[in-house]
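The following block contains the structure, expressed as structure tokens.
What follows is calculated from the coordinates using simple rules that are stated; it is not laboratory data. Everything numeric in this text was worked out from a predicted model, so none of it was measured. Backbone-built Cβ (ideal geometry, glycine too); neighbour counts: all protein chains shown.
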Amino acid sequence: AVVLSAVFMPMAFMSGATGEIYRQFSITLISSMLLSVFVAMSLTPALCATILKAAPEGGHKPNALFARFNTLFEKSTQHYTDSTRSLLRCTGRYMVVYLLICAGMAVLFLRTPTSFLPEEDQGVFMTTAQLPSGATMVNTTKVLQQVTDYYLTKEKDNVQSVFTVGGFGFSGQGQNNGLAFISLKPWSER
């Protein structure tokens, strides 16, 4: 548990899109491992001491619940043993079933998307601008104009058009936020 926690701890501090995706996963895994260690070291011994008491002289009184459990457990054990024996008698048939399952998994594996971001070019991307708090709409418009000028001059071989929106961004609404939607030229022209 300590090793797993140590392995997944750095994932909680990763940056970028990967960090955002794995942060909750790593924190959940670490906390569950630590909780498991706590239960194993403190509560389990106490429960064992309570449940597993020494038998009084003359043995335990028969308990209907435990007798029923033992009967069901023996039946399930017998069913498992019989199923395993029948499987060993017909290995060819079960091997075909196993190979079909493996082939199905291989097909599904090859058809599953392999990346977080789409591999094909969508032809559009966004740029966000966030000025310091208290910046006016005039300042935001100037920055968005600089963004537009950059894409239409320095990246003119790749960019077809730029559309900007002042006062709105993914971090919220406000005069200090801005978005730019950039449309790229078709692949043949880039």
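For segment 1-88, take the alpha-carbon Rg, divide it by the Kirkwood Rh, and send me Rg/Rh. Mind showing how you got there, number by number?
Details: Rg = 22.5 Å, Rh = 17.8 Å.
So for segment 1-88, dividing Rg by the Kirkwood Rh gives 1.26.
Extension gain Val37-Asn70, at 0.36 nm per residue separation less the Cα-Cα distance, in nm? Walk me through the numbers before you get to the answer.
Working: separation 33, 0.36 × 33 = 11.88 nm, distance 3.00 nm.
So the chain would gain 8.9 nm between Val37 and Asn70.
Ordered by residue, what ³J(HN,Hα) values in Hz, to whole numbers, does segment 78-94 give under the Karplus form 6.51 cos²θ - 1.76 cosθ + 1.60, where θ = phi - 60° and Gly and Pro are x?
Coupling constants for segment 78-94: 5, 4, 5, 4, 5, 4, 5, 4, 5, 5, 6, 6, 10, 5, x, 4, 6 Hz.
Report ³J(HN,Hα) in whole Hz for each residue of segment 100-109, in order, from the Karplus equation J = 6.51 cos²θ - 1.76 cosθ + 1.60 where θ = phi - 60°; Gly and Pro get x.
Along segment 100-109, the couplings run 5, 5, 4, 5, x, 5, 5, 4, 5, 4 Hz.
Helix-derived [θ] at 222 nm for the chain: sum -39500 (n - 2.57) over DSSP H runs of at least 4, divide by residue count, nearest 500? All intermediate terms of the calculation are to be shown ahead of the outcome.
Details: 6 runs with 102 residues, N = 190.
Per the formula, -18000 deg cm²/dmol.
What are the extents of the Cα atoms of segment 65-111 along their three principal axes, listed from largest to smallest and rounded to whole Å?
Sorted from largest, the Cα extents of segment 65-111 read 50, 27, 6 Å.
Here is a follow-up. Where does segment 141-190 land on Rg(C-alpha)/(2.2 N^0.38 Å)? Kindly include the intermediate steps, with their values, before the conclusion.
Numbers: Rg = 12.3 Å, N = 50, 2.2 N^0.38 = 9.7 Å.
With N residues counted in segment 141-190, Rg over 2.2 N^0.38 Å equals 1.26.
Among Met9, Ala67, Thr84, whose Cα lies farthest out toward the positive end of the dipole of the chain, if unit charges sit on the beta carbon of Lys, Arg (+1) and Asp, Glu (-1)?
Looking along the dipole axis, the top candidate is Ala67.
Here's a follow-up. I need the Kirkwood Rh of segment 2-47: take the reciprocal of the average 1/r across all distinct C-alpha pairs and report it in angstrom. Display every interim value, and only then the final one.
Working: mean 1/r = 0.0880 Å⁻¹.
One over the average 1/r among Cα pairs gives 11.4 Å for segment 2-47.
What size of dipole, in debye to the nearest 20, comes out for the chain about its Cα centre when the only charges are +1 on Lys and Arg C-beta atoms and -1 on Asp and Glu C-beta atoms? Before the final figure, lay out the partial values.
On the way: 14 positive and 11 negative charges, 153 e Å.
The calculation lands at about 740 debye.
How long is the gain from Val7 to Phe168 if the chain were fully straight, where each residue apart is worth 0.36 nm and the alpha carbon distance is subtracted? Please report the intermediate quantities before stating the final value.
Numbers: separation 161, 0.36 × 161 = 57.96 nm, distance 3.97 nm.
Between Val7 and Phe168, full extension yields an extra 54.0 nm.
Then there is this: Using R₀ = 45 Å, calculate the FRET efficiency as 1/(1 + (r/R₀)^6) where r is the Cβ-Cβ separation of Cys90 and Gln122; round to 0.05. Display every interim value, and only then the final one.
Values: r = 52 Å, r/R0 = 1.16.
The computed FRET efficiency comes out at 0.30.
Which angle from 0 to 90°, rounded to the nearest 10, does the C-alpha axis of helix 16-38 make with the longest principal axis of the chain?
The answer is roughly 20 degrees.
Treating the beta-carbon of each Lys and Arg as +1 and of each Asp and Glu as -1, no other charges, what is the dipole magnitude of segment 129-190 about its Cα centre, to the nearest 20 debye? Don't jump to the answer; show the numbers that get you there.
Details: 5 positive and 4 negative charges, 4 e Å.
Computed about the Cα centre, the dipole is about 20 debye.
Using the Kirkwood radius built from alpha carbon pairs, what does the Stokes-Einstein equation give as D for the chain at 4 °C and 1.567 mPa s, in µm² per second?
Rounded, D is 52 µm²/s.
Indicate the gyration tensor shape class of segment 56-144 (rounded, prolate or oblate), computed on the Cα atoms with a ≥ b ≥ c the square roots of the eigenvalues: a/c under 1.5 is rounded; otherwise a/b larger than b/c is prolate and the rest oblate.
Verdict is oblate for segment 56-144.
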